[in-house]
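Working notes, beginning with the structure itself.
The values are calculated or read from the model by the stated rules, or taken from the named source; none is laboratory data. For clarity, every value in this text was computed on a predicted model and none was experimentally measured. Note that each Cβ is placed from the backbone with ideal geometry, even for glycine, and that neighbours are counted across all protein chains shown.
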Amino acid sequence: MTSARTPSVRTPSVRTRFDAAITGIGLVTAAGGSTAATWERLLAAEGTLCGPVPDLAPIPADLGCAVTGFDPVAAVGRRKAWRLDRSSQLALAAAAEALADAGLDPAGWQGARVGVVLGSGIGGAGTWERQHRVLLDQGPEKVSSLLIPMLAINMSAGYIAMEYGAQGPNFVTSTACASGTTAVGAARELLRSGACDVVITGGTEACLVPSIISGFSQMGALSRRRDEPARSSRPFDVDRDGFVPAEGAAVLVLERADDARARGARVHAHVSGYGASADAHNATAPDPDGRGAELAVRAALLDAGIAPDAVDHVNAHGTSTPLNDVAEARLIRRVLGARPAVTSVKGVLGHALGAAGAIEAAVTALSLEHQVIPPTANLDSPDPQIDVDLVRKAPRTGRVDVALSNSFGFGGQNAALVLTRA
């Protein structure tokens with residue numbers, strides 16, 4: 001009988017730096033249906049864009065940051081709108097903006113060299129809940145024949161591929177609230193490996209539905225500040241009482257930096273490093289000192305070949321929950337020191353779950369491009385346990401060459417991206 005041996009632990013080797021150029025950005029968020037609208041509202045940081053969601057009554061925590069004014073017929077056409085779950089509708093709208101921004105014409109590309117990698121934590125939750133109601137009220141013969149292709153978590157990526165003839169690798173990453181960040185990291189690897197020349201990546205989520213929100217509410221994870229909805233999401237503030245769920249989508253177009261340069265594309269920023277890890281600690285609570293998350297951050301820095309003291313800015317996961325914000329702040333201070341300027345966009349946009357990391361990667365790219373860091377909304381009284389340089393009250397202008405975007409999720413899922421100025 002052979003005995004099991006503990007494998008030796010090896011220090012990861014430094015790989016040659018690989019820059020993936022972000023040539024296109026598309027955003028559909030609670031701040032609006034475009035990148036420009038989202039960026040403008042983030043810089044203003046006037047408060048959380050949320051309120052009670054009628055469908056969520058009588059859940060005690062019925063606040064949500066919905067994408068208001070979104071017209072799926074205008075975004076994807078009448079025929080597609082009724083066949084797609086809202087999560088796929090939002091993804092297609094973001095993809096259209098991103099591809100236009102990148103200046104790419106799908107009619108002229110080699111589809112087999114174009115991949116799609118999206119992140120989503122839950123998938124077609126709205127469709128599932130509506131059709132379950134039909135099943136209970138009217139019987140199985142009334143359930144839609146489109147139920148499965150509407151709710152399946154992979155379909156947001158599938159529908160983008162169908163829309164644009166992208167015949168390369170196509171999949172969805174599902175690592176809870178780290179899903180969007182995981183997707184961008186995986187997309188970069190497809191470029192690095194040579195499997196693709198272009199990757200459409202990002203994340204989407206649309207789960208402001210009673211069953212999902214009831215689950216979060218019962219866990220005590222959500223803010224119940226119904227009397228002040230605009231002040232409900234307050235990352236790093238001493239009075240934070242939970243996150244505010246949101247819907248939204250972000251799509252980024254990634255290309256090799258050399259390819260983007262050769263075609264004269266505008267580059268918003270580079271994705272230069274990616275790291276992932278697991279806490280192996282608790283199903284829903286983060287490691288209190290952020291030790292698991294630290295592995296992801298250090299892996300991303302190593303992948304980018306960048307020293308911790310070179311990081312200028314951190315776009316934090318910053319959920320506005322008591323445990324997460326302290327754990328993340330400890331991680332940032334321990335690994336990066338006091339230097340980087342830290343912000344969280346969830347004070348304005350809420351927490352878009354599986355799409356959050358992609359939205360935040362896009363915003364981080366915009367900070368690098370415009371050399372401006374949006375403030376954290378509702379950060380009136382910083383928690384004294386949080387000893388980092390928090391951007392609040394007003395945007396901060398200054399030199400930003402290297403930025404880190406963090407995402408952490410249930411199950412102890414951690415992912416981090418290093419983005420650099422183009």
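Here is how the numbers come out for the structure above:
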item	result
Pair list, Cβ under 7 Å, 6 or more apart: segment 269-283 residue under 19 Å from Ala403 (Cα atoms), other residue of a type in the set (Ser, Thr, Tyr) and outside any strand (DSSP E or B)	Ala276/Thr182
Qualifying residue in segment 202-225 (condition: at pLDDT 95 or above and more than 30 Å from Pro60 (Cα to Cα))	yes
Hits in segment 164-197 (condition: among the small types (Gly, Ala, Ser), buried (at least 18 other Cβ atoms within 10 Å of the Cβ) and within 14 Å of Arg113 (Cβ to Cβ))	Ala166, Gly168, Ala187
Conditions (1) assigned to a helix (DSSP H, G or I); (2) surrounded by fewer than 18 Cβ atoms within 10 Å (Cβ to Cβ); (3) of a type in the set (Lys, Arg): number failed by Arg83	(1)
Gly26 being modelled with pLDDT of 95 or more and under 26 Å from Gly242 (Cβ atoms)	no
Out of Gly264, Gly248, Gly220, Gly215, sole residue that is under 28 Å from Glu129 (Cβ atoms) and without any contact (Cβ under 8 Å) to a residue 12 or more places away in the chain	Gly215
Qualifying residue in segment 140-152 (condition: in a helix (DSSP H, G or I), touching a Gly at 6+ places or on another chain (Cβ under 6 Å) and closer than 30 Å to Asn414 by Cβ)	yes
Sole residue being over 20 Å from Ser407 (Cα atoms), touching a strand residue (DSSP E or B) at 6+ places or on another chain (Cβ under 6 Å) and of a type in the set (Gly, Ala, Ser), chosen from Gly180, Gly203, Gly168	Gly168
Selection status of Arg266, in a helix (DSSP H, G or I) and either of a type in the set (A, V, I, L, M, F, W, C) or more than 19 Å from the chain's Cα centre (by Cα) (or both)	no
Test: residue in segment 110-128 that is free of Cβ contacts under 8 Å to residues at least 24 places away in the same chain and surrounded by fewer than 14 Cβ atoms within 10 Å (Cβ to Cβ)	no
Selection count, segment 221-263, where residues are in a loop (DSSP other than H, G, I, E, B), touching an Asp or Glu at 6+ places or on another chain (Cβ under 7 Å), of a type in the set (D, E, K, R) and within 26 Å of Val391 (Cβ to Cβ)	3
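Residue by residue, here is whether (1) crowded, with 24+ Cβ neighbours inside 10 Å; (2) farther than 16 Å from Ser120 by Cβ holds:
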residue	(1), (2)
Thr201	yes, no
Gln218	no, yes
Ser223	yes, yes
Glu228	no, yes
Arg234	yes, yes
Asp239	no, yes
Val244	yes, yes
Glu247	yes, no
Asp258	no, yes
